[in-house]
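Right, one structure below, let's go through it.
The values are calculated or read from the model by the stated rules, or taken from the named source; none is laboratory data. Owing to the predicted nature of the structure, the values given are computational and were not obtained by experimental measurement. Every residue, glycine as well, gets a Cβ built from its backbone with ideal geometry; the counts of neighbours run over all protein chains shown.
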Amino acid sequence: MITIWGGATARTLRPHWMLCELGVEYEPKLIGSRTGETQSEAFVKLNVKEKIPVLVDDHLVLTESAAIVTYLGDTYGPDTGLVPKPYTPQRAKYNEWSSYVQMELDAHTLYVIRKHRDLASLYGDAPAAVDAAIEGFTKQLRFADQGLDGREYLVGDAFTGADILLTSCLTWASAYGVEISDTLQAYADRNTERDAFKRAAKLNFSISPGG
Ligand SMILES: N[C@@H](CCC(=O)N[C@@H](CS)C(=O)NCC(=O)O)C(=O)O
């Protein structure tokens, strides 16, 4: 049985969403960040980074939300198209979108806003860094806008894990009041209408985020 540790954030939503798309049964352990639960002895043994999400599948322990999404598609849905087959141009594009979302839309930008605005009491108040992060996010988002010009999905003509990653950042940005284009808003609305998204979001956000 697969276990997914973590809930309440855009990053933890990603594996829950992929598992709902795949229709695979699993055990959610909905712990939150900054609640102390990521510092418990049992959790630190799994992830010394003290971060969620974490997947446990038999002897495999996997951290990093994008890596988990890709592993799940490869392993539990190789013929679903949710993650394009390795060694194909589609997989190369999938990898490109995955790296882009993690670096340009998540780590360098949205997470900077989170750390230095919402969690300023922990990480320091840095309004200039927050302004630069919003500007950087908006600029980098042009790549997604261009990629979706006249298309419904990021890779080929079907929904993939790359759409899970991008949509999770778009809804995160909207929650922060960061503007996105009409094209991206329509794309996010389409994806959040999916039954798997609704089920995953209901579960993921059934606990409140930590401090
Ligand atoms: N790159 C990682 C980021 C994981 C991460 O930073 N998770 C946050 C929640 S969104 C966390 O666990 N924070 C706990 C803490 O900072 O104490 C991923 O995408 O999985």
Within the range 130-174, the count of residues that are more than 16 Å from the chain's Cα centre (by Cα) and assigned to a helix (DSSP H, G or I) comes to 15
Restricting the range 153-164 to residues that are within 19 Å of Pro78 (Cβ to Cβ) and of a type in the set (A, V, I, L, M), the one surrounded by the most Cβ atoms within 10 Å (Cβ to Cβ) turns out to be Ile164
If Leu165 satisfies every condition in (1) free of Cβ contacts under 8 Å to residues at least 60 places away in the same chain; (2) under 18 Å from Ile68 (Cα atoms) but one, which is the exception? (1)
All but one of (1) within 13 Å of the ligand (Cβ to nearest atom); (2) in contact with a Ser or Thr (Cβ under 7 Å, 6 or more places away or on another chain) hold for Tyr71; which doesn't? (2)
What pairs come out if I take residues in the range 33-53 that are closer than 12 Å to Ala8 by Cβ and pair them with residues that are within 11 Å of the ligand (Cβ to nearest atom) and in a helix (DSSP H, G or I) whose C-beta lies under 7 Å away, six or more apart or interchain? Glu37/Phe43; Ile52/Thr12; Ile52/Thr38; Pro53/Arg11; Pro53/Thr12; Pro53/Pro15; Pro53/Ser65; Pro53/Ile68
Failed condition for Arg34, given (1) buried (at least 17 other Cβ atoms within 10 Å of the Cβ); (2) within 13 Å of the ligand (Cβ to nearest atom): (1)
Can you name the condition, by its number, that Arg14 falls short on among (1) surrounded by fewer than 24 Cβ atoms within 10 Å (Cβ to Cβ); (2) within 13 Å of the ligand (Cβ to nearest atom)? (1)
Working only within the range 37-84, note down all residues that are crowded, with 22+ Cβ neighbours inside 10 Å and in a loop (DSSP other than H, G, I, E, B). Ile52, Pro53, Leu82, Val83, Pro84
Hey, could you check the range 17-31 for residues that are loosely packed, with under 14 Cβ neighbours inside 10 Å and among the charged types (D, E, K, R) and say which is farthest from the ligand (Cβ to nearest atom)? Glu25
Within the range 170-207, considering residues that are touching a Phe, Trp or Tyr at 6+ places or on another chain (Cβ under 7 Å) and more than 14 Å from Arg11 (Cα to Cα), the one surrounded by the most Cβ atoms within 10 Å (Cβ to Cβ): Asn191
Given (1) in contact with a His (Cβ under 6 Å, 6 or more places away or on another chain); (2) modelled with pLDDT under 95; (3) β-branched (Val, Ile, Thr), where does Val130 come up short, assuming only one miss? (2)
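How many residues does the range 90-129 hold that are loosely packed, with under 14 Cβ neighbours inside 10 Å, in a helix (DSSP H, G or I) and not polar (S, T, N, Q)?
Going through the range 90-129, the residues loosely packed, with under 14 Cβ neighbours inside 10 Å turn out to be 92, 99, 103, 107, 121-122, 124-125, 127-128.
Filter again for in a helix (DSSP H, G or I), leaving 92, 99, 103, 107, 121-122, 127-128.
Imposing the further condition that a residue be not polar (S, T, N, Q) reduces the set to 92, 103, 107, 122, 127-128.
Count: 6.
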